[in-house]
Amino acid sequence: MRKHNLGAGPGVLPESALQKSAAAALDFNNLGMSILEISHRSKDFEAVLENTTTLVKELLGVPDNYSILFLQGGASTQFAMVPMNLLHTKVAYIDTGVWANKAIKEAKLFGDVNVIASSKDQNYSYIPKDYSIPTDCDYLHITSNNTIYGTQFQEFPNSPIPLICDMSSDIFSRPVDVSKFDLIYAGAQKNMGPAGVTLVVIKNDILKEVQRTVPTMMRYATHIEGGSMYNTPPVFSIYVCMATLEWLKSIGGVAAIDKINQQKADLFYNEVDNNPLFTGTCAKEDRSRMNACFLLKNPDLDEEFMKQVKAAGIIGIKGHRSVGGFRASMYNAAPLESVKALTDLMKDFALKTA
Ligand SMILES: *Cc1c(COP(=O)(O)O)cnc(C)c1O
């Protein structure tokens, strides 16, 4: 039996995608070869890449003047690639936690970084709202969902300068107006597939040549021109993404998953707010629908709670070391039943502990 996987990442994948991928790993398209063994220049893989690109465009509603790239090195490589390619003199960042900070650290290697807002003063438990966006910066960078702290931008800033977003942990979880962004990137392993591939959605005309020398593999232009095939792409990771996005399409796409994600989040946060033993850690209006951080009011009960969580087949809810407590990650492929297994347990735990 499958566990109730509420881990923060790599996250749970749809069972249909796992089955399809397992079959392709043994014999792909009746070729007598595994997908792991075929040329990335073969017609069969070209079709996979094309299908995956089409699914991304369809499901996200990507306008025609954007390119879809499948790169390697994780979102963490994008922290550097973004400023390397797009920072001319000065850029603006919003600091909403660990990942935003890592992005800021890399940008500082290439120029002036103006951190225009931060929620560090309250351990990143909210999304900053009062700030003005300087028009003399090359771009504004935000992190749409803060995986570790459990906050999420409910509305995106109207930016007068190019807007760049790390959507690693909430891409495909809700409708997004892609035309508001000049570049979106996401490591696949939270919500769209396995580790090993990073999605980049980039507006084609954002690329004004920078003065600095950028290594070939680190240039967006290389990958746009090469159609993500300048070098060997992560063939199998892309295949699993395709199978995952096919599942998403089959259940009704982003509009449908948006409703399901809301149901899961409502179920969970209602329990946290009404259960006398637990409390949430974030400002209610900024709560993430993907990663819910919560605490036992009495930490002496932590150990017993975790024991029961484990016995119930629930996996991955220990909080990140920088926040403590617990975190339930409710990514697209996490079924409502898994969230319900956790809320049932919390109810039961309160009854027994009273
Ligand atoms: C997981 C995560 C990352 C790091 O992704 P890697 O692919 O491991 O580099 C970056 N940003 C956010 C928001 C994340 O959730």
Does D170 satisfy the condition of being assigned to a loop (DSSP other than H, G, I, E, B) and at pLDDT below 95? no
* Residue within region 230-248 that is assigned to a loop (DSSP other than H, G, I, E, B) and among the hydrophobic types (A, V, I, L, M, F, W, C) present -> no
Output for Cβ contacts, cut-off 9 Å, separation at least six or different chains, first residue at positive phi in region 66-95, second part of a strand (DSSP E or B) and within 15 Å of the ligand (Cβ to nearest atom), reads G73/T198; G74/G187; G74/T198
Self-check item: Filter result for I206 (more than 21 Å from P10 (Cα to Cα) and touching a Ser or Thr at 6+ places or on another chain (Cβ under 6 Å))
Solution: no
Checklist entry - Quick one: would you say K190 is under 27 Å from S322 (Cβ atoms) and surrounded by 17 or more Cβ atoms within 10 Å (Cβ to Cβ)? => result yes
Scanning region 287-325 for residues that are assigned to a helix (DSSP H, G or I) and surrounded by fewer than 21 Cβ atoms within 10 Å (Cβ to Cβ) gives P299, D300, L301, D302, E303, E304, F305, M306, K307, Q308, K310, A311
Exercise. Test I164 against the stated conditions and say whether it is closer than 17 Å to K90 by Cβ, surrounded by 24 or more Cβ atoms within 10 Å (Cβ to Cβ) and either within 16 Å of the ligand (Cβ to nearest atom) or modelled with pLDDT of 95 or more (or both).
Key: yes
Within region 17-38, of all residues that are touching a helix residue (DSSP H, G or I) at 6+ places or on another chain (Cβ under 7 Å) and exposed (fewer than 15 other Cβ atoms within 10 Å of the Cβ), the one farthest from I184 (Cα to Cα) is L31
Quick check, is K208 among the basic types (K, R), modelled with pLDDT under 95 and in a loop (DSSP other than H, G, I, E, B)? yes
Residue hits (region 306-326; more than 21 Å from K340 (Cβ to Cβ) and hydrophobic (A, V, I, L, M, F, W, C)) are V323
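Taking helices (runs of 4 or more DSSP H) that do not extend beyond region 41-143, which have at least 3 residues that are more than 16 Å from the ligand (Cβ to nearest atom), farther than 27 Å from S250 by Cα and not small (G, A, S)? Can you show your working first?
Working: elements: 43-60, 74-86, 98-107.
Passing ranges: none, list empty.
Given the residues V178, V254, V201, which is the only one that is in contact with a strand residue (DSSP E or B) (Cβ under 7 Å, 6 or more places away or on another chain), more than 16 Å from the ligand (Cβ to nearest atom) and not polar (S, T, N, Q)?
It is V178.
The values are calculated or read from the model by the stated rules, or taken from the named source; none is laboratory data. Everything numeric in this text was worked out from a predicted model, so none of it was measured. Reconstructed Cβ throughout: ideal geometry from the backbone, glycine too, with neighbour counts over all protein chains shown.
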